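Presented below is the structure to which this report refers.
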Amino acid sequence: MLKLLFRSPRSIRVVNQYPGPGAQLLLGTFESSSLKYFRYSVAGVSVVLINLIPFIVATIVLGKVPVAWRPPPIFLFFTSLLSIIPTAYFIGLAVSSISAQSNFAVGAILNATFGSIVEIILYTVAIYAGDLDNLIISSVTGALLATLLLIPGLSMIAGGLKHKEQYYNVSAAGVSNILLIFSVIGLFTPTVFYASFRDTPMQCSQCDPLSNGKLTCHTCKLYGITTDDIENDPVYKDGARLLVYAISFVLPLAYIIGLIFTLKTHSYLYDKPTHPEGEEAPQGHGEEAPEWPKWVALLILLTGTASFALVSDELVTNITTSLDALGLSQQFVGVFFVGLASSSAEIVNAVNFALSNNIALSIEIGAAGTIQAALIQIPALVLISLVMKSPFVLIFPMMNVFAVGVR
């Protein structure tokens, strides 16, 4: 069947109009196009994401060819961004498939490690490259906003357009909200601490001495501080940095406790939601994981992880030149491109589940993404920077704090 899909339609001929006994319909097409094309799947995999696989191959191959034959950095930058989407999607499917066929301990370990492997690999490559701290911080912020706001919002809109009423599990949502609040507080505590006790840098146009030895200054304004300024600030070195290390130790423990609570001791809270009258809510036909054999899922997981590492290397290698050519900042690209691309798998899955009238799972996907970003990815980021001896300052701009905290 796959061979036929790659052949020209004009080269295909009908040999027998009437199928014989025992024949099975593989594919039936009744319209040339559809706005619901994204809902089609092959072996549990979205057709749209399958069509993005050539970008992965093109990025890896073109990035390794001799410089004389290599395309412009902007081209590789955009193909790298597009390649992140299918690789993240396949890694997520493989993790879900293996977890569904394993016991609690194996599933928990897989979710804690490979559940955030996409972002961790990307951040590791960026730390190794250096001078991309703003991109990393902005990417974390973009991923948080995508999972906190974009996924639930898109899911509710998509599900609401198709289904008159949708139901979610109030108990499960309450547990997730508690973990979300704890995650956000822990993530931004070092930033709030540093902002409260650091000296505020100001720049004035003119300062005149007074008789009492003081100065009177005119046209004073705050100016931005760089990563080097923060790293050399005694308030950060003696206080905020130690707080970052302490938070990075506590947050993974909170994630482990949350896993035990949700998957082991109180798993009954995550049963299917019910109607107000007590009837079980319809859940549609959404599936949480493709039914792949373990060896297939493991092969896809390892291949996807290796491919993403190569794609991330190309993205980071070409990003500085591309940003200069496009006139874009690291903050903008981190929030609107890298953060969204790394969360694309969760966005696709959440919308599909909402269309299948499983809004509860859509909301849970968004909450789980935020929790993993705060409780797993950030501590891993701090640990990696220590191992690589590449200083990374985990201080968010206050605008980022407000953007996530106001939610």
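Inside segment 206-227, residues that are of a type outside the set (A, V, I, L, M, F, W, C), over 24 Å from Ala380 (Cβ atoms) and either modelled with pLDDT under 65 or surrounded by 12 or more Cβ atoms within 10 Å (Cβ to Cβ) (or both) make up a count of 6. The residue that is farthest from Leu49 (Cα to Cα), among those in segment 351-375 that are in contact with a Pro (Cβ under 8 Å, 6 or more places away or on another chain) and part of a helix (DSSP H, G or I), is Leu375. Please verify whether Ile395 is among the β-branched types (Val, Ile, Thr), assigned to a helix (DSSP H, G or I) and in contact (Cβ under 8 Å) with a residue 12 or more places away in the chain, treating the condition exactly as stated. Taking the combined requirement at face value, the residue does not satisfy it. Report, ordered by the first and then the second residue, all pairs with beta carbons closer than 6 Å, sequence separation of six or more or different chains, a first member in segment 257-274 that is modelled with pLDDT of 70 or more, and a second member that is crowded, with 16+ Cβ neighbours inside 10 Å. Correct list of pairs: Gly258/Leu179; Leu259/Ala108. Step by step: first the residues of segment 152-199, then only those that are surrounded by fewer than 18 Cβ atoms within 10 Å (Cβ to Cβ) and either touching a Cys at 6+ places or on another chain (Cβ under 7 Å) or among the small types (Gly, Ala, Ser) (or both), then the one that is farthest from Ala368 (Cα to Cα). Which residue is that? Filtering segment 152-199 for residues that are surrounded by fewer than 18 Cβ atoms within 10 Å (Cβ to Cβ) and either touching a Cys at 6+ places or on another chain (Cβ under 7 Å) or among the small types (Gly, Ala, Ser) (or both), the one farthest from Ala368 (Cα to Cα) comes out as Ser196.
The values are calculated or read from the model by the stated rules, or taken from the named source; none is laboratory data. Quick caveat, the model's predicted, so the values are computed rather than measured. Glycine gets a Cβ as well: all are built from the backbone with ideal geometry, and neighbour counts include every protein chain shown.
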